[in-house]
């Protein structure tokens, strides 16, 4: 009668034991380092088993996978990082407006008479919102959340950033010319720029944009009807966004990219020139 334990290693002279657990006999060796390992220390591999140290060494030798955040910013990623970055930055600034009890608002809001000495306010105005009504930032950021990713996927990150920034600047230039003594806050100029750009692109692509026209018309009308709303900023942003989209569509071939970039830069230069001209007329 055979002993079922006859083939198992027994403690004693010549017996092999797990290098991690000396009290446990083992007849199995790691395929990489050839050390004896007990069942608890065995990890199945493509051939045989491996010990914990060899598994850890193999994992350490593997190239590290970039984090999800790094992958999102890589070229070719479908994540609308520009839209989300602007949204997050604006929300952070809004929180600072509350924490500082208006100090941040005063530092970043746009007041045309300060343009010559603090011209950056023409852009930072898009980061601050009314701290007396939460609906101001909710409306603008919801619009960015809906329109931003869609438009960014259509024209790309750099062009989307150009539309947003230049539309915000266009809104400020319109305020400078049409309401030079008004203090304005909000990203409405930039948001209307996105609306204008999306309208032009959708129309060129043959899409039905009746609903978009209604949305633009309603929001423009509200700017004229509701006191305290800067319709000048809305109109300026809308015109600039539409103009930029027209440029991008008119020079969208691969061999026209330099021409497109030059035309976009010229729009920015024209806005700066309009600012300088208005300041000279004060």
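Bear in mind that the values in this text are calculations on the coordinates, not laboratory data. From a predicted model like this one, the values you see are computed outputs, not experimental measurements. Backbone-built Cβ (ideal geometry, glycine too); neighbour counts: all protein chains shown.
Just grab the label-to-label distance for residue 84 and residue 101, each label 7 Å out from Cα along the Cβ direction, in nm (one decimal).
3.6
Quick one: plug the Kirkwood hydrodynamic radius of segment 158-282 (C-alpha pairs) into Stokes-Einstein at 20 °C, 1.002 mPa s, and report D in µm²/s.
Working: Rh = 14.9 Å.
Roughly 144 µm²/s, to the nearest whole number.
By how many degrees, 0 to 90 and rounded to 10, does the Cα axis of helix 52-61 deviate from the longest principal axis of the chain?
30
Residue separation times 0.36 nm, minus the C-alpha to C-alpha distance between residue 35 and residue 213: what's the value? Spell out each step's value before the answer.
Working: separation 178, 0.36 × 178 = 64.08 nm, distance 7.44 nm.
Result: 56.6 nm gained on full extension.
Using packing as a proxy for protection, rank 233-243, 104-114 so that the peptide with the highest average count of other Cβ atoms within 10 Å comes first. The partial results should precede the final answer.
Values: 233-243: 26.5, 104-114: 18.4.
So the order, starting with the most tightly packed, is 233-243, 104-114.
Above 13 angstrom, tally the Cα pairs of segment 15-64 and express them as a % of all pairs, no decimals. Intermediate results must be reported in sequence, preceding the final value.
Details: 636 of 1225 pairs.
Cα-Cα pairs of segment 15-64 separated by over 13 Å account for 52 percent.
For helix 188-204, report the angle its Cα long axis makes with the longest principal axis of the Cα atoms of the chain; keep it between 0 and 90° and round to the nearest 10°.
So the inclination is approximately 80 degrees.
May I ask for the distance between the Cα centers of segment 15-41 and segment 176-218, given as a whole number of Å?
72
Quick one: which of 135-142, 196-203 comes out on top by average Cβ neighbours within 10 Å, and what's the full order, highest first? Intermediate values should be presented prior to the final figure.
Numbers: 135-142: 16.4, 196-203: 21.8.
Ranked from most to least packed, the peptides come out as 196-203, 135-142.
Translational diffusion coefficient, Stokes-Einstein: compute it for the chain using the Kirkwood radius over C-alpha pairs as Rh, at 25 °C and 0.890 mPa s, and state it as an integer in µm² s⁻¹. Write out the running numbers ahead of the final one.
Values: Rh = 23.2 Å.
In µm²/s, the coefficient rounds to 106.
Can you tell which of 215, 117, 37 shows the greatest fluctuation in a Gaussian network model of the chain with Cα springs below 10 Å?
Per the Cα network of the chain with a 10 Å cutoff, 37 tops the list.
Nearest 10 degrees is fine. How inclined is helix 257-281 to the longest principal axis of the chain, computing both from alpha carbons?
50
Once the Cα atoms of segment 85-234 are picked out, what are the Rg and Dmax in Å?
Here Rg and the maximum Cα pair distance are 15.1, 48 Å.
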